[in-house]
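Worksheet: one structure, shown below.
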Amino acid sequence: GQMFSVTAEGGVADQAGGVWTVDEDRLTGPEGETLGRLPGHLAYWFAWNSYFGTDSVLVTRDDL
């Protein structure tokens, strides 16, 4: 339920303007509140393509 934006200094601020600290495990708010890190995974199409070889297919937005 939070919306964040990047500050001019490169930090993160909530919709009320409170500046949050970003570290490896969590966001820490101006009052000491924390939000845990969400799981995520970065994958690149060329790594996927190399892994599956000729059996892989690259789908573009136009194909959807």
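With θ set to phi - 60°, apply the Karplus curve 6.51 cos²θ - 1.76 cosθ + 1.60 along the range 30-44 and write out the HN-Hα couplings as whole Hz, x wherever there is a Gly or Pro.
x, 9, x, 5, 10, 10, x, 6, 8, x, x, 8, 9, 9, 10
Can you give the net charge of the other residues whose Cβ lies under 11 Å from the Cβ of R26, counting K and R as +1 and D and E as -1? Write down the numbers at each step before the final one.
Values: positive: R37; negative: D23, E24, D25, E33.
Spelling it out: positives minus negatives among the neighbours equals -3.
Under the Kirkwood approximation for Rh and a Cα-based Rg, what ratio Rg/Rh is obtained for the chain?
On the way: Rg = 18.3 Å, Rh = 15.1 Å.
Answer for the chain: 1.22.
Rolling a 1.4 angstrom probe over the protein heavy atoms, how many square angstrom per residue are accessible across the chain?
Details: 5880 Å² over 64 residues.
With all protein chains present, the chain gives 92 Å² per residue.
Ignoring everything except DSSP H segments at least 4 long, calculate the 222 nm mean residue ellipticity for the chain; use -39,500 (n - 2.57) per segment, divide by total residues, nearest 500.
It comes out at -3500 deg cm²/dmol, rounded to the nearest 500.
Dipole of the chain (Lys/Arg Cβ +1, Asp/Glu Cβ -1, origin at the Cα centre): which of Y51, G18, H41 lies farthest to the positive side?
Most positive-ward Cα: Y51.
Could you check how much of the accessible area of the chain is carbon and sulfur, as a whole percent, using a 1.4 Å probe? Walk me through the numbers on the way to the answer.
Numbers: 3320 of 5880 Å².
Summing carbon and sulfur atoms, their accessible area is 56 percent of the total for the chain.
In nm, give the distance between the simple-model label positions of T34 and V19, each being 7 Å from the Cα along the Cα-to-Cβ direction.
2.1 nm
The values are calculated or read from the model by the stated rules, or taken from the named source; none is laboratory data. Remember, predicted model here, so these are calculated numbers, not experimental data. Every residue, glycine as well, gets a Cβ built from its backbone with ideal geometry; the counts of neighbours run over all protein chains shown. The area values use the complete protein model at the heavy-atom level, side chains included, leaving out ligands, DNA and RNA. Shrake-Rupley method; radii C 1.70, N 1.55, O 1.52, S 1.80 Å.
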